[in-house]
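> Handing you a structure now.
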Amino acid sequence: MNGQMTAAVLYGKEDVKIEKVPIPRVGEGEVLIKVQVALTCGTDLKVYQRGYHARMIVPPALFGHELAGIIEEVGPNVKGFKKGMRVVALNSAPCGMCFYCSKHQENLCEDLLFNNGAYAEYIKIPRRIVETNMLAIPSNVSYEEAAMAEPLACVLRGLHETGVEIGDTVVVIGGGPIGLMFTQAAKLTGCNVISMVKRDSQVGAAKRLGADEVIQVTKTDDPVGAVRSLTPDRRGADVVVEAVGRPLAWEQSIDMVRKGGTVNFFGGCANGTKVSLDTNRLHYSEITLKATFHHTPESVRKAFTLISERKIRSADYITGEAPLSRLHHVLQHMMNRNGDIKTAIIPGH
């Protein structure tokens with residue numbers, strides 16, 4: 001397929017232009033997807049604010065990575081997919097052969113292949129993603145729902161790696177899309193969930209998605225004390241998930257967890273950030289510190305199953321839609337910490 005398409009191009013810090021660019025050519029094993037929906041997310045906002053992402057994107061570049069659409073064209077030797085199929089294509093795929101892949105840590109793959117360019121009319125999917133991390137969308141699942149597979153896969157892997165059990169008290173710090181997904185997934189697992197959020201709009205969202213208790217940090221001088229007061233004998237939570245990527249929140253997480261508990265540093269702080277931890281508390285209270293990054297092909301499939309079974313619904317997360325031409329305004333709006341959770345960007349409108 002030749003010709004031009006409209007796409008968002010990232011040039012640097014807060015510099016996104018909607019331009020005409022060539023439609024990508026598909027090669028061996030690749031497919032071209034006509035994007036039906038691309039979802040905004042916190043990572044894209046970070047990329048927009050910083051102008052790059054060390055692991056994923058170097059400008060000038062197409063960007064955006066949560067998408068679903070229709071296959072427009074298939075390259076030679078593509079198996080199992082054909083033109084016209086509704087699909088969700090994930091933003092990465094591991095090599096399957098390196099040391100980390102052999103240890104079932106595909107998210108840490110030495111050659112993790114990333115793919116960006118969801119904010120566009122078309123996106124080319126590389127062969128490895130087609131073979132490993134592209135899934136057909138059942139007819140009862142919308143494009144918006146399918147596009148949520150990527151963030152949900154990261155969350156499910158995070159919960160699994162943290163070792164939560166039915167009946168655990170889990171604190172989730174953060175009321176953005178990821179924090180809310182952790183809240184909902186932990187509740188579905190059978191946990192008692194305390195959600196810690198900042199803005200008024202997030203209080204209602206957290207309750208709606210299953211939080212048993214909500215602490216608004218702007219209304220308390222002592223977030224740690226507030227968490228402890230909600231646990232028996234003020235002992236603290238079994239698990240704390242930090243989903244904002246703030247050094248202070250990382251430090252507070254350790255004071256919120258009970259002896260023998262686990263903290264998951266899920267939110268990525270700015271590059272070069274250091275935090276100070278109370279060694280005494282870590283040692284004598286036998287606290288486990290975890291961090292989880294990204295997703296694996298297995299967690300992608302688990303996420304897609306939850307979405308297909310309607311356990312996680314897009315209506316709970318997608319609070320608006322906008323044409324591609326308004327992407328810059330949407331990102332600016334997100335920087336002002338508005339009440340929107342995710343916006344569905346619709347190319348071609």
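> Could you say which residue among Ile287, Ile307, Ile346, Ile318 is farther than 20 Å from Asn91 by Cβ, hydrophobic (A, V, I, L, M, F, W, C) and at pLDDT 90 or above?
Just a single option satisfies the conditions, and that option is Ile287.
> Determine which single condition Gln36 fails, assuming it passes every other condition in (1) touching a Phe, Trp or Tyr at 6+ places or on another chain (Cβ under 7 Å); (2) surrounded by 22 or more Cβ atoms within 10 Å (Cβ to Cβ).
Just one mismatch for Gln36, condition (2).
> Within the range 80-163, considering only helices (runs of 4 or more DSSP H) that don't extend past its boundaries, which have at least 2 residues that are of a type in the set (Gly, Ala, Ser)? Can you show your working first?
Numbers: elements: 99-102, 127-132, 143-147, 149-162.
Qualifying helices (runs of 4 or more DSSP H): 143-147, 149-162.
> Could you figure out which of (1) under 22 Å from Arg301 (Cα atoms); (2) crowded, with 22+ Cβ neighbours inside 10 Å; (3) of a type in the set (A, V, I, L, M, F, W, C) isn't true of Leu188?
For Leu188, the failing item is (2).
> Pick out the one residue from Ser308, Ser276 that is more than 22 Å from Ala153 (Cβ to Cβ), out of contact with any strand residue (DSSP E or B) (no Cβ under 6 Å at 6 or more places or on another chain) and either outside the structural domain of Ser195 (by TED's automatic domain parsing) or exposed (fewer than 15 other Cβ atoms within 10 Å of the Cβ) (or both).
Numbers: Ser308 fails: more than 22 Å from Ala153 (Cβ to Cβ).
Exactly one of Ser308, Ser276 is more than 22 Å from Ala153 (Cβ to Cβ), out of contact with any strand residue (DSSP E or B) (no Cβ under 6 Å at 6 or more places or on another chain) and either outside the structural domain of Ser195 (by TED's automatic domain parsing) or exposed (fewer than 15 other Cβ atoms within 10 Å of the Cβ) (or both), namely Ser276.
> Looking at (1) surrounded by 15 or more Cβ atoms within 10 Å (Cβ to Cβ); (2) in contact with a Phe, Trp or Tyr (Cβ under 8 Å, 6 or more places away or on another chain), which is the only condition Pro60 fails?
Just one mismatch for Pro60, condition (1).
> If you don't mind, another one. Can you go through Ile166, Ile215, Ile173 and tell me which one is within 19 Å of the chain's Cα centre (by Cα) and either of a type in the set (A, V, I, L, M, F, W, C) or modelled with pLDDT under 95 (or both)?
Ile173
> A further question on this structure: So which residues in the range 113-133 are surrounded by fewer than 21 Cβ atoms within 10 Å (Cβ to Cβ) and either outside the structural domain of Val47 (by TED's automatic domain parsing) or touching a Ser or Thr at 6+ places or on another chain (Cβ under 8 Å) (or both), if there are any at all?
Once the filter is applied, which keeps residues that are surrounded by fewer than 21 Cβ atoms within 10 Å (Cβ to Cβ) and either outside the structural domain of Val47 (by TED's automatic domain parsing) or touching a Ser or Thr at 6+ places or on another chain (Cβ under 8 Å) (or both), the range 113-133 yields Leu113, Phe114, Glu121.
> Being in contact (Cβ under 8 Å) with a residue 60 or more places away in the chain and either of a type in the set (Val, Ile, Thr) or over 18 Å from Ser195 (Cβ atoms) (or both) is the filter here, so list the residues in the range 218-256 that pass it.
Thr231, Val239, Val240, Val241, Val244
> Go through (1) among the hydrophobic types (A, V, I, L, M, F, W, C); (2) in contact with an Asp or Glu (Cβ under 9 Å, 6 or more places away or on another chain); (3) surrounded by 17 or more Cβ atoms within 10 Å (Cβ to Cβ) one by one and return the number of the condition Leu327 breaks.
Evaluating Leu327 over (1) among the hydrophobic types (A, V, I, L, M, F, W, C); (2) in contact with an Asp or Glu (Cβ under 9 Å, 6 or more places away or on another chain); (3) surrounded by 17 or more Cβ atoms within 10 Å (Cβ to Cβ) leaves (2) as the failure.
The values are calculated or read from the model by the stated rules, or taken from the named source; none is laboratory data. Since the model is a prediction, treat every value here as computed from it, not as a measurement. Every residue, glycine among them, receives a Cβ derived from its backbone with ideal geometry; neighbour counts consider all protein chains shown.
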